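Trainee: One structure, pasted below without further comment.
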Amino acid sequence: MSYTLFISDLHLDAERPQHLDALKQLLARHAGQCDALYVLGDLFETWIGDDDDSPFNLDAITAFRAFSDAGSALFFMHGNRDFLLGHAFATATGGTLLDEGTVVDLYGTPALLMHGDSLCTRDEKYMAFRAQVRNPAWQADMLAKPLAQRRMIAQMLRLQSQQNNENKAQNIMDVTPDEVVRVMEDAGVQHLIHGHTHRPAVHDVALQSGPAVRWVLGDWGALGWQIVADQEKGLRLESFNL
């Protein structure tokens, strides 16, 4: 049976090796079996550049490479934590980097893929930060810094993010419904798949063209989350023990 998998928000970190272990098990289980795996952002808690060849990072790359070498396609999308993932990483894994807002055909059903942070337009401070760190000039300047300095900057940004989120209302950090409708109508789809909010759910969306569905992947904590798409059953959101 042909099927495709979607995951996001693993937030892999050397301090939480169990998440990488769970990912390696998932990759081994589906390698050569599924048509494709899409990782929709925040694969890593932080990514400071493709030249960061720590043993933890290399272990993850090796696992992805074994998956793609087995014949399953592999795709990555930037998140708000790993926006510095580059083509060298994708090449090493045998995968492909996708732009935010890519539309894919899931066995006859078009679906819009996003990380999801760009949908949170009510969080004006974050949207300004997002525009800054996605700027090619800012990224080039960051990647030109020594690895040790980048690690310090990444740690500082993580702490700032945690402090900022503690003071934000919950609805500010969730998607803006009008923005969801806009991007889906612009893309001409009835299905949107994203992560980022850490609020796994399946939402009905009313478009001018008719009913639609927003699929939200959860982050990996006590549970892992995936969306499975196949021709027989369509799309479904699933959780599993890590």
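Trainee: For MET1, all conditions in the list (1) part of a loop (DSSP other than H, G, I, E, B); (2) surrounded by 15 or more Cβ atoms within 10 Å (Cβ to Cβ); (3) not acidic (Asp, Glu) hold save one; what is the number of the exception?
Mentor: Of the numbered conditions (1) part of a loop (DSSP other than H, G, I, E, B); (2) surrounded by 15 or more Cβ atoms within 10 Å (Cβ to Cβ); (3) not acidic (Asp, Glu), the odd one out for MET1 is (2).
Trainee: For the stretch 122-154, which positions are polar (S, T, N, Q) and either touching a residue at least 12 places away in the same chain (Cβ under 8 Å) or in a loop (DSSP other than H, G, I, E, B) (or both)? First the steps, then the outcome.
Mentor: Start the filter on the stretch 122-154 by keeping residues that are polar (S, T, N, Q), which leaves 132, 135, 139, 149.
Residues satisfying the conditions are ASN135, GLN139.
Trainee: What number of residues within the stretch 144-164 satisfy the criterion of being in contact with a helix residue (DSSP H, G or I) (Cβ under 8 Å, 6 or more places away or on another chain) and at pLDDT 95 or above? Don't jump to the end; show me each part of the working.
Mentor: The initial filter retains those residues of the stretch 144-164 that are in contact with a helix residue (DSSP H, G or I) (Cβ under 8 Å, 6 or more places away or on another chain), namely 145, 150, 153, 164.
Those left that are additionally at pLDDT 95 or above: 145.
The total comes to 1.
Trainee: Taking the condition of being over 18 Å from VAL104 (Cβ atoms), surrounded by 17 or more Cβ atoms within 10 Å (Cβ to Cβ) and over 18 Å from the mean Cα position of the chain (by Cα), how many residues in the stretch 20-52 meet it?
Mentor: The total comes to 2.
Trainee: Out of ARG199, ARG236, which single residue is assigned to a strand (DSSP E or B), without any contact (Cβ under 8 Å) to a residue 60 or more places away in the chain and open to solvent by 30 Å² or more (accessible area, probe 1.4 Å)?
Mentor: Just one listed residue meets the conditions, ARG236.
Trainee: Then there's this: Hey, does the stretch 169-177 have a residue that's at pLDDT 95 or above, farther than 21 Å from PHE129 by Cβ and not charged (D, E, K, R)?
Mentor: Scanning the stretch 169-177 turns up at least one residue that is at pLDDT 95 or above, farther than 21 Å from PHE129 by Cβ and not charged (D, E, K, R).
Trainee: Filter the stretch 4-19 for residues that are open to solvent by 30 Å² or more (accessible area, probe 1.4 Å) and farther than 15 Å from ASP219 by Cβ and give the result.
Mentor: Within the stretch 4-19, the subset open to solvent by 30 Å² or more (accessible area, probe 1.4 Å) is 14-18.
Listed by number, the residues that qualify are ALA14, GLU15, PRO17.
Trainee: Another one. Within the stretch 215-226, identify whether any single residue is outside any strand (DSSP E or B), closer than 19 Å to ASP42 by Cβ, open to solvent by less than 40 Å² (accessible area, probe 1.4 Å) and modelled with pLDDT under 95, and answer yes or no. Walk me through it before giving the result.
Mentor: Let us first name the residues in the stretch 215-226 that are outside any strand (DSSP E or B), namely 217-222.
Retained after the next criterion (residues that are closer than 19 Å to ASP42 by Cβ): 217-222.
From what's left, open to solvent by less than 40 Å² (accessible area, probe 1.4 Å): 217-218, 220-221.
Still in the list and also modelled with pLDDT under 95: 221.
The answer is yes, given that some residue of the stretch 215-226 is outside any strand (DSSP E or B), closer than 19 Å to ASP42 by Cβ, open to solvent by less than 40 Å² (accessible area, probe 1.4 Å) and modelled with pLDDT under 95.
Trainee: Between residues in the stretch 60-84 that are in contact (Cβ under 8 Å) with a residue 12 or more places away in the chain and residues that are among the acidic types (Asp, Glu) and in a helix (DSSP H, G or I), which pairs lie under 8 Å by C-beta distance while being six or more apart or on different chains?
Mentor: GLY79/ASP117; ASN80/ASP117
The values are calculated or read from the model by the stated rules, or taken from the named source; none is laboratory data. All values derive from a computational prediction rather than experimental measurement. Note: ideal-geometry Cβ built from the backbone for every residue, glycine included; neighbour counts use all protein chains shown. The area values use the complete protein model at the heavy-atom level, side chains included, leaving out ligands, DNA and RNA. Shrake-Rupley method; radii C 1.70, N 1.55, O 1.52, S 1.80 Å.
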